[in-house]
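Worksheet for the structure shown next.
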Amino acid sequence: MTDIDPSIRCDACPVMCYIKPGRTGACDRYANADGVLTRTDPHVFLGDTITAIGAGTTYPDYKPAPFIVSAQVEGVDMITVVTEGIFSYCGAKIKIDTDRHLGLERAAVRAGGEVVGHVTTAEYGSQMLSLGGVHHLTGSGKKSGRVTCETLLTLCNGGAVELSIENGATLIAQAGAAPIIDGVPEQKMRVGCGSATIGMFAQQWRGLVDEVVVVDDHITGVLSEHQAGKLLDIQETGIRIQGRRSTPGRYFEVAAPGTGWGGTDITEPRQILGPFDKDHARPGLTMLMVSTTGEHAGYFVLDKDLRPQPRAMPAPLADAVALIKDNCEPALCSVLFMAGAGGSLRSGVTQNPVRLTNAVAAAIVRVTCGGAPVYIWPGGGITFMVDVTKLPKNAFGYVPTPALVAPIEFTMPRTDYERLGGHMADVRPLAAVRGA
Ligand code: SF4
């Protein structure tokens, strides 16, 4: 640098870029506009709500947040502190509505060949991924950190990413869109587990068929043995299931997980049946085998040797299968951004950071992310989660350290802000900020 160098230095993050006139810094969020350091995106207002999108960042944090705004809300003088936080400790939890097996728990998830996260515990009707986090962003090498940051940024800004799961599926994930698993868009999430499906639809099947098996990787249900079947007086059929019996009519581990029937690896449902018990079965006995989404279904009739043979499904039974399908919700990917705002970011809000944490925990201070409501984890710090589809598009940014930049707003009555040790001298009325 010399005295005549017209570059300016950005101090909004630890990278401290020198930015030439008319150019932007490494993150494209700040530019040198005629010698003035300028935030490149417009500051976003949602109606009368001020958000931190485009507000700018406070670094190295002891400075007051870029906007500390006062407004009258229903007669109460409220303060909103607005900043774009730089989050090294952040990631995304991805919920993928599908029964299909994507990969074993703890299997690595890759993007562009780099490990960016792992498969975590499945939820009811959904597979879950945990992506990002500080170890992938900063602790696994430069390339891995960059790819992790890019992947999180794309997902959080509503874009699609391709993820491959170790010894599992390849997946295209996008918030609010159907997941595409091994090239096939997922249509429906299951109505429930196999046992729940029996409970929900047993009444509709009565009189149409002697036996129903709902094939499910979690719990396969058998109508004649299930409590629902007992209460409806369904007779024993002599069926035998090759799986681990949990309680009557509910079986675990009938097959390996996969992308076939009900999240198992089977494509031929009779594979899970043992020989029928001669004391209860009879030739001509009818059986429906169906998956938990109704996507797979087969109708069988026992032959003289008590072996189930496929037959055309009677129309009333086909209607009952359609009812299962109709009750399944559309399969979607959901992306929750999760980050810790409990560190130095708090100093931009108050000179006494722990008071802010305590006030958030006590619900005196409302936290929002780009105007969207957040869930705050109990315990220490300000660790929050937000549904990225609730934010305006492209609300997230990044810095090359690497870390994500996310908007965050803290709103509270003026009296509380004073009590927390807020930066009172920097409070500006909303009208003045809007006009700025
Ligand atoms: S990366 Fe962006 S925020 Fe950080 S110093 Fe460079 S221009 Fe400023």
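The values are calculated or read from the model by the stated rules, or taken from the named source; none is laboratory data. Because the structure is predicted, anything quoted here is derived from the model rather than measured. Backbone-built Cβ (ideal geometry, glycine too); neighbour counts: all protein chains shown.
Restricting attention to strands (runs of 3 or more DSSP E) lying wholly within the range 1-86, give those where 1 or more residues are within 11 Å of the ligand (Cβ to nearest atom) and free of Cβ contacts under 8 Å to residues at least 60 places away in the same chain.
Working: elements: 30-33, 36-39, 67-73.
It comes to 30-33, 36-39.
For the range 114-125, indicate whether the set of residues that are over 17 Å from the mean Cα position of the chain (by Cα) and free of Cβ contacts under 8 Å to residues at least 40 places away in the same chain is non-empty.
Yes, that holds for at least one residue.
Inspect the range 383-396 for any residue being out of contact with any strand residue (DSSP E or B) (no Cβ under 8 Å at 6 or more places or on another chain) and under 21 Å from residue 91 (Cα atoms) and give the result as yes or no. If you could, list the steps in order and put the result at the bottom.
Here is the first cut: in the range 383-396, the ones out of contact with any strand residue (DSSP E or B) (no Cβ under 8 Å at 6 or more places or on another chain) are 393-394.
Checking which are under 21 Å from residue 91 (Cα atoms) leaves us with 393-394.
Yes, the range 383-396 has at least one match.
Out of the residues in the range 189-216 that are within 18 Å of residue 251 (Cβ to Cβ) and polar (S, T, N, Q), which is surrounded by the fewest Cβ atoms within 10 Å (Cβ to Cβ)?
Once the filter is applied, the top-ranked residue is 195.
Of all the strands (runs of 3 or more DSSP E) wholly in the range 335-436, which have at least 1 residues that are among the β-branched types (Val, Ile, Thr) and without any contact (Cβ under 8 Å) to a residue 60 or more places away in the chain?
Values: elements: 366-369, 383-387, 397-399, 403-413, 427-429.
Because the criterion is at least 1 residues that are among the β-branched types (Val, Ile, Thr) and without any contact (Cβ under 8 Å) to a residue 60 or more places away in the chain, the strands (runs of 3 or more DSSP E) in the range 335-436 that meet it are 366-369, 383-387.
Only residues that are aliphatic (A, V, I, L, M), buried (at least 20 other Cβ atoms within 10 Å of the Cβ) and touching a Lys or Arg at 6+ places or on another chain (Cβ under 7 Å): list them for the range 339-383, please.
Result: 356, single match.
In contact (Cβ under 8 Å) with a residue 40 or more places away in the chain and either within 14 Å of the ligand (Cβ to nearest atom) or farther than 25 Å from residue 418 by Cα (or both): is that true of residue 91 in this structure?
Yes.
For the range 178-216, what are the residues that are in a loop (DSSP other than H, G, I, E, B), closer than 19 Å to residue 246 by Cβ and in contact with a Lys or Arg (Cβ under 9 Å, 6 or more places away or on another chain)?
Across the range 178-216, the qualifying residues are 193, 216.
When you scan the range 76-88, do you find a residue that is surrounded by fewer than 18 Cβ atoms within 10 Å (Cβ to Cβ), among the aliphatic types (A, V, I, L, M) and at pLDDT 95 or above, even just one?
no
I'd like the full set of residues that are under 30 Å from residue 293 (Cα atoms) and of a type in the set (A, V, I, L, M), limited to the range 121-169.
122, 128, 129, 131, 155, 160, 161, 163, 165, 169
Any residue in the range 366-388 that is in contact with a Phe, Trp or Tyr (Cβ under 8 Å, 6 or more places away or on another chain) and within 16 Å of the ligand (Cβ to nearest atom)?
no
Would you tally the residues in the range 242-280 being of a type in the set (Val, Ile, Thr), outside any strand (DSSP E or B) and closer than 17 Å to residue 219 by Cβ?
3
Could you check residue 96 against (1) within 16 Å of the ligand (Cβ to nearest atom); (2) of a type in the set (A, V, I, L, M); (3) crowded, with 17+ Cβ neighbours inside 10 Å and say which number it fails?
Result: residue 96 fails condition (1) only.
Which is modelled with pLDDT of 95 or more, under 22 Å from residue 306 (Cβ atoms) and either assigned by TED's automatic domain parsing to the domain that holds residue 103 or within 28 Å of the chain's Cα centre (by Cα) (or both), of 254, 215? Can you show your working first?
Working: 254 fails: either assigned by TED's automatic domain parsing to the domain that holds residue 103 or within 28 Å of the chain's Cα centre (by Cα) (or both).
After applying the criteria, what remains is 215.
State which residue pairs qualify: first residue within 13 Å of residue 114 (Cα to Cα) and inside the range 130-142, second residue among the β-branched types (Val, Ile, Thr) and not in a loop (DSSP other than H, G, I, E, B) in any location, beta carbons under 6 Å apart, and separation of 6 or more residues or different chains.
131/116; 132/148; 136/116; 136/148; 137/148
Which condition breaks for residue 100 when tested against (1) in a strand (DSSP E or B); (2) charged (D, E, K, R); (3) in the same structural domain as residue 143 (by TED's automatic domain parsing)?
(1)
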